[in-house]
Amino acid sequence: MNEKAFSQALRRGLGGAIIELKNAEDKVAYREMLLRCCLRDITFDWQVEGSKGEYLYDAILASDEPEYFERCIIERFLSRCPDGLFRQWAEILYLRARDGSELSHNTLHAKYEYFASKKGRLAKTKTVDEGYQWDEVTFYLLYLDGFTAFKRYAEDVGQILIRKPEYQKSYDDWYRRRAEARFGKKRIESYFNTMYDTSDAIRALVDMITAAELAYGRILENREKEPLQVCDVIRAAKEAATDKHPRRRILRLQNGSLFAYRATDEQLEELAQVALLEENETVKALLLFQFRQRPFPLGITPLLDYTQSDNELLVEASLCCLEEYKDKRLHDLAIQLLKTKGLGSKALGLLIKNYQKTDDHSIAELIRKASRIPHHVQMDIRDIYQNHRSTSVFPLLFHVYQKGDCSFCRLGIVEAMHHCSVLPDDLLSECLYDSYDDTRRLARRLIAKRQKKVEQTR
């Protein structure tokens, strides 16, 4: 593995990078590349992947220079840093402390004391949420210091709330859930009940938690009682069309309202009629995005016409709607768009339900030419070959495995290899070191299953 391949594999979280480092005679040659990855946030999407801290820690241990990397990370960790890097560094330092490093343990304590000393005046920006970061440090201290860390944090936040009730941003609701996962719900509730009448700080914290839960319950209740109507979605689409990122804005509405899930058939047909009559193509596209989870009720013919539009958003929305259908015209459309516009056409998703074995060659040619696999391609390839079998598809899937950035989708690629019976033993062994926990678990399970099968045939 050359330097470029190693750097890319490490950044993407591939197990092959760890194996390369473990087997390297000159580990120092990889030091700068590993340090660069340690000092930047290499997570593609933390909400589905989690942090890559544990993966990087495995690489640090394989380097045989854990103290060097520990010092470099601590130097940055003690300064203000974005949430993504904070997550990554906090996990690495926790693992280092768990393995006996007093330096990392003391560093986590120092960061905790920094947050506590601010007495609720915690920064909250687009990239830095110190309330969240304080909670994150506490989470790791729960495992290092036990119940003492839980009581300390509860007292500190409670004292802040007594002095400044408006400083609720000092508290992150992950704290209680994580504490319950660590010590059990019964123990946490028992502590709160016992201390409620004797500690003003605990009472302030419990009252805030209770009020927050009631408020959230009312939000859900009101959402159920007053779901969005068709006119609300139309108005939101017209407003979003003037935004710099209209698609992102309308998807936030969609995820928040779950309109498509809750709408009646009559409402969906009404919205579809409005979408067809809408003259502004951006607004039309935003309305069509509401049909990602429910089939477009007026057939595929008008949607086919929209795929030829010069408005890229309208083309994308139409293709998303068409993915729900199985129709030879959609297969032919997908092949035509892939030939003329390549993977950027986003037409690959049409083959999830309309795949033919003869498509392997066309797909493979496009994949082979791509130096980087876009996320939507990772997802589409995963879905195509998890739903269809092909014994000649390994080179295609292996390229996506190597070049895709999302480790969650990479798990799907490995599952697709297994589904198609093309997952080799050496790649499965590499997956034992992958950055995504579920990929490691899958590899252990499949290796054990294969070993058992070999033993049974002896």
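The values are calculated or read from the model by the stated rules, or taken from the named source; none is laboratory data. Since the model is a prediction, treat every value here as computed from it, not as a measurement. Every residue, glycine as well, gets a Cβ built from its backbone with ideal geometry; the counts of neighbours run over all protein chains shown.
Values for this structure:
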{"read-out": "Test result for Gly50, among the small types (Gly, Ala, Ser), assigned by TED's automatic domain parsing to the domain that holds Gly146 and farther than 24 Å from Lys4 by Cβ", "value": "no"}
{"read-out": "Condition met for Ala285 (closer than 22 Å to Ala334 by Cα, assigned to a helix (DSSP H, G or I) and without any contact (Cβ under 8 Å) to a residue 60 or more places away in the chain)", "value": "yes"}
{"read-out": "Residue in segment 251-260 that is out of contact with any Asp or Glu (no Cβ under 8 Å at 6 or more places or on another chain), hydrophobic (A, V, I, L, M, F, W, C) and modelled with pLDDT of 90 or more present", "value": "no"}
{"read-out": "Test: residue in segment 348-368 that is under 30 Å from Leu61 (Cα atoms) and either crowded, with 21+ Cβ neighbours inside 10 Å or among the acidic types (Asp, Glu) (or both)", "value": "no"}
{"read-out": "Selection within segment 316-362 - within 23 Å of Leu287 (Cα to Cα), assigned to a helix (DSSP H, G or I) and in contact with a Pro (Cβ under 9 Å, 6 or more places away or on another chain)", "value": "Ser318, Cys321, Gly344"}
{"read-out": "Search result, residues across segment 168-195 that are at pLDDT 95 or above and in a loop (DSSP other than H, G, I, E, B)", "value": "Gly184"}
{"read-out": "Residues that are touching a residue at least 12 places away in the same chain (Cβ under 8 Å) and either surrounded by fewer than 16 Cβ atoms within 10 Å (Cβ to Cβ) or aromatic (Phe, Trp, Tyr) (or both), drawn from segment 420-437", "value": "Ser421, Pro424, Asp425, Ser429, Tyr433, Tyr436, Asp437"}
{"read-out": "Pair list, Cβ under 6 Å, 6 or more apart: segment 125-145 residue outside any helix (DSSP H, G or I), other residue surrounded by fewer than 20 Cβ atoms within 10 Å (Cβ to Cβ)", "value": "Thr127/Pro82; Val128/Pro82; Asp129/Asp83"}
{"read-out": "Those residues of segment 6-29 which are within 20 Å of Trp89 (Cβ to Cβ) and either of a type outside the set (A, V, I, L, M) or under 16 Å from the mean Cα position of the chain (by Cα) (or both), in sequence order", "value": "Ser7, Arg11, Arg12, Gly13"}
{"read-out": "Filter result for the condition that a residue is modelled with pLDDT of 95 or more, assigned by TED's automatic domain parsing to the domain that holds Asn106 and surrounded by 14 or more Cβ atoms within 10 Å (Cβ to Cβ), over Leu161, Leu205, Leu144", "value": "Leu144"}
{"read-out": "Pick from segment 78-100, criterion surrounded by fewer than 18 Cβ atoms within 10 Å (Cβ to Cβ) and of a type in the set (Gly, Ala, Ser), ranking: farthest from Glu49 (Cα to Cα)", "value": "Gly100"}
